[in-house]
Every structure is written in C-alpha cells, then in structure tokens.
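Okay, so here's the structure we're looking at.
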Amino acid sequence: MTQTDPVLSSLKDGVLTVTLNRPDKLNSFNEDMHLALRAQIQRAHDDPDVRAVLITGAGRGFCAGQDLGDRDPRSGETPDLGKTLETFYNPTLRLMRSLNKPIICAVNGVAAGAGANIALACDIVLAAKSAKFIQAFAKIGLIPDAGGSWSLPRLIGEARAKALALTAEPLTAETAADWGLIWQALDDAELMPQAQALAAQLAQGPTLGLGLTKQLIQEAATNDLDTQLDRECALQRQAGRSDDYAEGVTAFLEKRAPRFTGH
Ligand code: LHQ
C-alpha cells in the first residue's frame, strides 16, 4: 500500500478502516477508486476477522462524487452514465447493503453527489460539524444516484428529499443530524476518535446478531407488518442459537461484561 493508493485500508481489533484517498480531487471516484473500495467491502464479507467497517476520506473532503474530469463532454463522445452506475456504483452499494456487519461512516468534510449517497448507504453516519452534504446532481443536469433517490425520501421524507435534490443546496452536518439524515454531527476534532470508538465497540459486539439486526431493519423498508413479524421470529430463532446469546445472558447473570466472539 502506498500513499497514492486510491483507497487506504487497515485491519485492527476487528475494525477494517477504509480511507478514500484522492485528496487533491476531494476523493472523487475514478475507476481505480471504485474498484479499490469495492475490493475492501468484499474483503469485509470474506474475512471473519473483520467485524466492523469504518469508512472515511483523506484530506479536507469526504467524497465529491464522480470525478467529473474523467469523461470530458467536450470530447464529443455521448456518455452512457447508466453503464457507469451498473458497472461501478450499484455493485458496491449492493455489497454494502448485504454485508452482515456494521458499516460506520465518518464524514470528515464535504460529501457531494454520489459521495453523499455512498455515505448515506452506511449503517451509522457520523459527520464533522464542518462537513456538508450536497445532492449536487441538479447542478449538472443529473438525477440523484448511488441509491440516493431511494434513501433520501426514506430517511427525511419526500418534501425535504425533493428540495435537497432539486436545489442542490448544501446541508450542514448539524441540520442533517436534526433531520435524521445521519446519526450525529460532532466537533471536527472529535469525529475520528468517536468514530473509531464506535467501530471498536461494534467490532467487539455480537456480530451475528448485529448482522441480523441490520438485515431485518433493511427488510422493513419493503415488508408489511405481518411479514416483518414473521421475519422477526425467524431471525430471533437464529440469534437465540448463537454462542453470543448464551454468553450475553450468562454474563448478565454473572454480573460481568460479556466476551462476544461474533458467533
Ligand atoms: C473534483 C471534483 C469532482 C473532479 C472537486 N471531480 N474533481 C456522475 C457521473 C457519472 C456516473 C454516475 O454518477 C455520477 C454521480 C455524481 O457523483 S454527479 C456529482 C458529481 N460531483 C459534483 O458535481 C461535485 C463537484 N464539486 C463541487 O461542486 C465542489 O468541488 C465541492 C462543493 C464538492 C467542494 O467545493 P470546494 O470546497 O470549493 O472545493 P473545490 O471545488 O475547489 O475542489 C477542490 C479540488 O477538487 C479542485 O481541484 P483543483 O485542481 O482546482 O484544486 C476540484 O476541481 C476538485 N474536485 N470535486 N467531482
């Protein structure tokens, strides 16, 4: 791994930290960064030692979306942006969503376009108070992608989602937290320590149960109550057979801290 790798990664105490690393371009996505990010999410799927993922950005930005210099319209070529989504964004979004481990996002600076929506696809989003979320698409004639047209109205309702997407107005981290778009806005100096502490806490948690919890809450977006109650039965049955359930209850009865293994 070198300083010029498009994504930096490290695995420590169960936390896979993934840093988008094109700071000169505010970590906007080129093909190499897309593939490198996806490889890290795939690693989180495959490696049992990974029990939580923390995504952040290098430098002053989190991610400014697609690298707009990558495909210059002045070349005269008609782009197929649908293909870009199918090839690059959508597989990564699906991998993040289906990962049965928590993904924490530490939004260290501006998150624009697909960069904002990649952040919102994470399970718990913390942001520095100086960070802004911008649905920048309308400024260049595009529509919200990277899952944003789905997540925005679900997180903050249609009225706010439409206004953000149609105006491309920047939203401060504090307002994003007030609206329920993200979990917390933190003082800039507190962002990484708190994000790392949260990731470490989750990585020591009952990973199987946490993964089932993530899955169940996601399924609720499309299930009716009856279906969801049935799903709770099925997944609680599974959680109840885990080593971590036995350990959690035993630790409670013995008045000590649990030692979860993730199984
Ligand atoms: C950038 C970028 C960038 C390249 C800053 N690209 N260089 C699109 C197309 C294809 C398929 C599917 O999906 C998508 C989805 C999308 O993501 S569309 C939305 C793309 N993103 C944007 O429209 C945001 C463009 N960036 C901005 O509006 C500003 O840079 C923001 C508001 C993010 C930050 O503003 P500032 O803090 O004032 O920074 P800056 O503009 O000075 O940027 C710093 C450098 O980063 C600068 O380079 P330079 O060499 O001049 O120092 C920018 O050119 C570069 N940069 N975003 N997306």
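The values are calculated or read from the model by the stated rules, or taken from the named source; none is laboratory data. Owing to the predicted nature of the structure, the values given are computational and were not obtained by experimental measurement. Ideal geometry is used to build each Cβ from the backbone, glycine not excepted, and the neighbour counts take in all protein chains shown. Ligands, DNA and RNA are excluded from the accessible area calculation, which covers all protein heavy atoms including side chains. Shrake-Rupley method; radii C 1.70, N 1.55, O 1.52, S 1.80 Å.
When the range 7-43 is filtered for residues that are part of a loop (DSSP other than H, G, I, E, B) and surrounded by fewer than 18 Cβ atoms within 10 Å (Cβ to Cβ), the ones remaining, listed by number, are 13, 30.
Determine if the range 57-71 includes at least one residue that is outside the structural domain of residue 214 (by TED's automatic domain parsing), more than 16 Å from the ligand (Cβ to nearest atom) and not charged (D, E, K, R). There is no residue in the range 57-71 that is outside the structural domain of residue 214 (by TED's automatic domain parsing), more than 16 Å from the ligand (Cβ to nearest atom) and not charged (D, E, K, R).
Cβ-Cβ contacts under 7 Å between residues 6 or more apart (or on different chains), taken from a first residue in the range 35-57 that is within 19 Å of residue 88 (Cβ to Cβ) to a second residue that is among the polar types (S, T, N, Q) and modelled with pLDDT of 95 or more, are listed as 37/92; 38/92; 40/9; 41/92; 57/19; 57/27; 57/108. Within the range 219-263, the residues that satisfy the criterion of being free of Cβ contacts under 8 Å to residues at least 12 places away in the same chain, within 27 Å of the chain's Cα centre (by Cα) and open to solvent by less than 70 Å² (accessible area, probe 1.4 Å) are 220, 223, 227, 234. Within this structure, residue 207 fails the test of being over 30 Å from residue 13 (Cα atoms) and either surrounded by 13 or more Cβ atoms within 10 Å (Cβ to Cβ) or out of contact with any Cys (no Cβ under 9 Å at 6 or more places or on another chain) (or both).
For residue 110, the conditions (1) β-branched (Val, Ile, Thr); (2) open to solvent by 40 Å² or more (accessible area, probe 1.4 Å); (3) in contact (Cβ under 8 Å) with a residue 60 or more places away in the chain are fulfilled apart from (2). Looking only at residues in the range 74-84 that are of a type in the set (Ser, Thr, Tyr) and outside any loop (DSSP other than H, G, I, E, B), the one that is farthest from the ligand (Cβ to nearest atom) is 75. Could we say that residue 87 is free of Cβ contacts under 8 Å to residues at least 40 places away in the same chain, among the polar types (S, T, N, Q) and either open to solvent by 70 Å² or more (accessible area, probe 1.4 Å) or within 9 Å of the ligand (Cβ to nearest atom) (or both) here? Spelling it out, it is not the case that residue 87 is free of Cβ contacts under 8 Å to residues at least 40 places away in the same chain, among the polar types (S, T, N, Q) and either open to solvent by 70 Å² or more (accessible area, probe 1.4 Å) or within 9 Å of the ligand (Cβ to nearest atom) (or both).
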